[in-house]
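Enquirer: Structure provided below as structure tokens; questions to follow.
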Amino acid sequence: MRKPELAAAIADRTGLTREKAAEVITAFTDQISAAASRGEDVTLIGFGTFNIRAREARDGRNPQTGATIRIPASKTVGFKAGKALKEQIG
């Protein structure tokens, strides 16, 4: 499901226009992004938690040349599904 399809589904369920539903989705994702950039976790009870995960620096290989390269440490966003979401998926 892409953003326009999600906005249409939310609009049908809530009575909002598709444009307003798209604005709500954008505001939601902006707030999650802002919290992640501040290093904060975002927990939605029953749905899941978005959190920042640190990746250590490591060695890797260039698949074209086979040369060893150093992959620098980085941060990424992880998601852990909540209990209700896990149960719904089956």
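The values are calculated or read from the model by the stated rules, or taken from the named source; none is laboratory data. The shown structure was predicted, so the numbers you read here are calculated from the model rather than taken from an experiment. Note: ideal-geometry Cβ built from the backbone for every residue, glycine included; neighbour counts use all protein chains shown. The area values use the complete protein model at the heavy-atom level, side chains included, leaving out ligands, DNA and RNA. Shrake-Rupley method; radii C 1.70, N 1.55, O 1.52, S 1.80 Å.
Enquirer: Only residues in segment 72-90 that are over 25 Å from Glu56 (Cβ atoms) count as the first member; pair them with residues that are in a loop (DSSP other than H, G, I, E, B), Cβ under 6 angstrom, at least 6 apart or cross-chain, and list the lot.
Expert: From segment 72-90, the pairs are Gly82/Gly46; Gly82/Phe47; Ala84/Gly46; Leu85/Phe47.
Enquirer: Count, please, the residues in segment 10-37 that happen to be open to solvent by less than 70 Å² (accessible area, probe 1.4 Å) and either touching a strand residue (DSSP E or B) at 6+ places or on another chain (Cβ under 6 Å) or in contact (Cβ under 8 Å) with a residue 12 or more places away in the chain (or both).
Expert: Count: 7.
Enquirer: Moving to a separate point now. Would you list the strands (runs of 3 or more DSSP E) that sit entirely within segment 10-79 and hold 2 or more residues that are in contact with a Pro (Cβ under 9 Å, 6 or more places away or on another chain) and among the aliphatic types (A, V, I, L, M)? Step through it out loud before you land on a result.
Expert: Numbers: elements: 42-44, 48-55, 58-61, 68-71.
By residue number, no strands (runs of 3 or more DSSP E) qualify.
Enquirer: Find the residue count for segment 38-55, including only residues that are in contact with a strand residue (DSSP E or B) (Cβ under 9 Å, 6 or more places away or on another chain) and either exposed (fewer than 11 other Cβ atoms within 10 Å of the Cβ) or charged (D, E, K, R) (or both).
Expert: Final tally of qualifying residues: 6.
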